[in-house]
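Only one structure is covered here, and it is reproduced in the block below.
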Amino acid sequence: MTAETITASAAGTWTLGDLTVHRIGFGAMRLTGSAAFHHGTPSDRDRSIAVLRQAVDMGVNHIDTAAFYFSSLRSANELINSALSPYPDDLVVATKVGPFRDYAGEWGTSARPDQLRAHVEENLRQLGRDHLDLVYLRRMRQDSIAEHFGALAELRDAGMIRHLGISDVGVAHLDEARAIAPVVSVQNRYGLGGTSPENDALLRACGELGIAFVPFYAIAGKGGELGRKADATDAEVRAVAAAHDATPAQIRIAWTLRQGPNVLAIPGTGNPDHLTENIAAGALRLTDAELARLGASQAEA
């Protein structure tokens, strides 16, 4: 089977509340250009729309986005709306609220709880939806998320949101949120060469509770999504990639998926060839020996 014929179904499925998704999804941030949060080169709009349609054609039914994913000329939500509306019945579009950027792209302070309704309404308008499938509260360094998450729980009760998630959190925040309303997904920075004891504990907690764990920057490793620096894991990743006739990025995605059946991958790209490679990573099956090898290198990183 060639990469072109592998679909997102090869990665298996997970259920977010009552919504079943393939474990390989798509992150929309990079659709907007070379630097989604700054003033980089804008993306080619037609190419971005084509990538989104190709993703859905290849079985992707979980797209992660946010209203604050925009560059000087492009909005991820607008691209998704233009490419995919009317939306397929099985497509789950997840978005995030909490951070604030003005129209010039500058970051402001975190939204107050009473401002989150406006954030949700902005996502609804941009996506052309009458409800949002999954909304993450992105924690902005506050110790407690109870008041913010409670505000989103009220919007869920009002029918504006179907399911709730939380992002950039610890186990204590998960406990705090679950005492208010069901949590179907947690989204934190996590990847081979870029883990932490706190995130390892959160991953275990989500597995025990049957909650999805959705890493962002999973391909980036320790150095970050933009301009990632090589780390001690890279040589081992390249060696394992050679054994599978795969790319290092594919091995990092495959490693992510092996962290548990509840772990979902949302690699993003504006390149149709990279999209095909990312989806094909869902068919890779790392051996226990390879996992141990990569784990040992991560411990040294």
Number of the condition not met by T287 [criteria: (1) surrounded by fewer than 18 Cβ atoms within 10 Å (Cβ to Cβ); (2) in contact (Cβ under 8 Å) with a residue 12 or more places away in the chain; (3) among the β-branched types (V, I, T)]: (2)
Residue match in the stretch 95-111 (condition: within 21 Å of A8 (Cα to Cα) and not in a loop (DSSP other than H, G, I, E, B)): yes
Which numbered condition V56 misses (of (1) modelled with pLDDT of 95 or more; (2) assigned to a helix (DSSP H, G or I); (3) farther than 14 Å from I266 by Cα): (3)
Boolean, S85 is surrounded by fewer than 16 Cβ atoms within 10 Å (Cβ to Cβ), under 26 Å from P267 (Cα atoms) and touching a strand residue (DSSP E or B) at 6+ places or on another chain (Cβ under 8 Å): no
Residues within the stretch 192-218 that are under 12 Å from the mean Cα position of the chain (by Cα), at negative phi and either among the hydroxyl-bearing types (S, T, Y) or modelled with pLDDT under 95 (or both), tallied: 2
Among the residues listed as H148, H163, the single one being buried (at least 18 other Cβ atoms within 10 Å of the Cβ), touching a Ser or Thr at 6+ places or on another chain (Cβ under 8 Å) and farther than 21 Å from E78 by Cα: H163
Test: residue in the stretch 112-125 that is of a type in the set (A, V, I, L, M, F, W, C) and in contact with a Gly (Cβ under 8 Å, 6 or more places away or on another chain): yes
Subset of the stretch 264-276 (residues that are in contact (Cβ under 8 Å) with a residue 60 or more places away in the chain and either out of contact with any helix residue (DSSP H, G or I) (no Cβ under 6 Å at 6 or more places or on another chain) or small (G, A, S) (or both)): L264, A265, I266, G268, G270, N271
Some residue of the stretch 115-123 being out of contact with any strand residue (DSSP E or B) (no Cβ under 7 Å at 6 or more places or on another chain) and assigned to a loop (DSSP other than H, G, I, E, B): no
Qualifying residue in the stretch 124-145 (condition: of a type in the set (G, A, S), surrounded by fewer than 22 Cβ atoms within 10 Å (Cβ to Cβ) and more than 21 Å from the chain's Cα centre (by Cα)): yes
Among (1) assigned to a helix (DSSP H, G or I); (2) within 25 Å of L164 (Cα to Cα) - the single one Y87 does not satisfy: (1)
Per-region count, the stretch 248-283, residues among the charged types (D, E, K, R), part of a helix (DSSP H, G or I) and more than 15 Å from the chain's Cα centre (by Cα): 2
Enumeration of residues in the stretch 59-72 that are buried (at least 22 other Cβ atoms within 10 Å of the Cβ) and in contact with a helix residue (DSSP H, G or I) (Cβ under 6 Å, 6 or more places away or on another chain): V60, T65, A67, Y69, F70, S71
Members of the stretch 166-186 found to be in a helix (DSSP H, G or I), hydrophobic (A, V, I, L, M, F, W, C) and either within 18 Å of the chain's Cα centre (by Cα) or surrounded by 20 or more Cβ atoms within 10 Å (Cβ to Cβ) (or both), listed by number: L174, A177
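The values are calculated or read from the model by the stated rules, or taken from the named source; none is laboratory data. Keep in mind the model is a prediction, meaning the values are calculated, not measured. With ideal geometry, Cβ positions are generated from the backbone for all residues, glycine too; neighbour counts draw on all protein chains shown.
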